[in-house]
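Data block below; observations after.
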Amino acid sequence: MADDVVGDNIDFHQTEENSVNIEGDIHVAGVSSDDEDASTLDEPISATLKRDLRAIGKKFFHVVIPKQSTSLLRDWDLWGPLILCIILATLLQSSHDSDGSPEFAQVFVIVWIGASVVTVNSKLLGGTISFFQSLCVLGYCILPLTLALLVCKIILLAKNNTILFAARCLVVLATLIWSCLASLAFLGDSQPHRRKPLAVYPICLFYFVISWLVLSHTG
């Protein structure tokens, strides 16, 4: 009889522990999992915006100084890529209809469809990260090319000549390498070693297409 009571107590404690483990928490970027007040349901909208902007800024910092980090993969979001895509599409859209500049929607299609194709290729090769994690990294790593477009717009304010075109080429080439290295710093280890070249080539091609749009933009 005593053994039955002890067994029932053990089963009760195990059931109680399991119920605690099952409950869990929803992880929010920028909020520590050890914080007792980690719930964001009752916080002001301004606090939510500040936290999200701070998280986006940290991801931009990781792209500016590429280093192996799980920040972009663990706390992934698509707000940063969306902001960069809007900036790219707005700056690439020319006021002249006859100069062949891409339209706003065309830039969106190139960026998001291109990133999706690269991600699908990565998954088919055995990549270990999720679809949206890859989109997050590829989108955030457009930042150097966005900065290159801003620099090229400033250069185009002067009279266009061979020297200024060479300067634009150097800027775009440097940021192209920057974007490729930054993305590989986060995505490189997610690919099988023997198939890594097959995953790297589409990533570089994706950023090359965007860099070509930046370089070919004439105002």
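The values are calculated or read from the model by the stated rules, or taken from the named source; none is laboratory data. Source: prediction; values computed, not measured. Note that we place each Cβ from the backbone using ideal geometry, even for glycine, and neighbour counts take in every protein chain shown. All accessible areas refer to the heavy atoms of the entire protein, side chains included, with ligands and DNA or RNA removed. Shrake-Rupley method; radii C 1.70, N 1.55, O 1.52, S 1.80 Å.
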task: Go through (1) over 17 Å from W76 (Cβ atoms); (2) crowded, with 21+ Cβ neighbours inside 10 Å; (3) not hydroxyl-bearing (S, T, Y) one by one and return the number of the condition C136 breaks.
output: (1)
statement: Across the stretch 161-202, the tally of residues that are at pLDDT 85 or above, under 14 Å from K123 (Cα atoms) and open to solvent by 50 Å² or more (accessible area, probe 1.4 Å) stands at 1
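So which residues in the stretch 179-210 are assigned to a helix (DSSP H, G or I) and of a type in the set (S, T, N, Q), if there are any at all? Walk me through how you get there before you give the answer.
Step one: filter the stretch 179-210 for residues assigned to a helix (DSSP H, G or I), giving 179-190, 193-210.
Within the stretch 179-210, S179, S183, S190 qualify.
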query: What are the pairs, 6+ residues apart or on separate chains, where a residue within the stretch 73-91 that is open to solvent by 50 Å² or more (accessible area, probe 1.4 Å) has its Cβ under 6 Å from a residue that is in a helix (DSSP H, G or I) and not aromatic (F, W, Y)?
result: W76/Q133; W76/C136; W79/I56; I87/T146
Residue satisfying all of: in the stretch 36-56; in a loop (DSSP other than H, G, I, E, B) and more than 16 Å from D75 (Cβ to Cβ); modelled with the highest pLDDT among these: P44
message: Going residue by residue through the stretch 72-92, is there one that turns out to be among the basic types (K, R), more than 19 Å from K59 (Cα to Cα) and out of contact with any Lys or Arg (no Cβ under 9 Å at 6 or more places or on another chain)?
response: no
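When you check K196 against the structure, is it within 17 Å of L88 (Cα to Cα) and of a type in the set (D, E, K, R), yes or no? Outline the logic, then answer.
On the way: within 17 Å of L88 (Cα to Cα): no; of a type in the set (D, E, K, R): yes.
So K196 does not fit the description; no.
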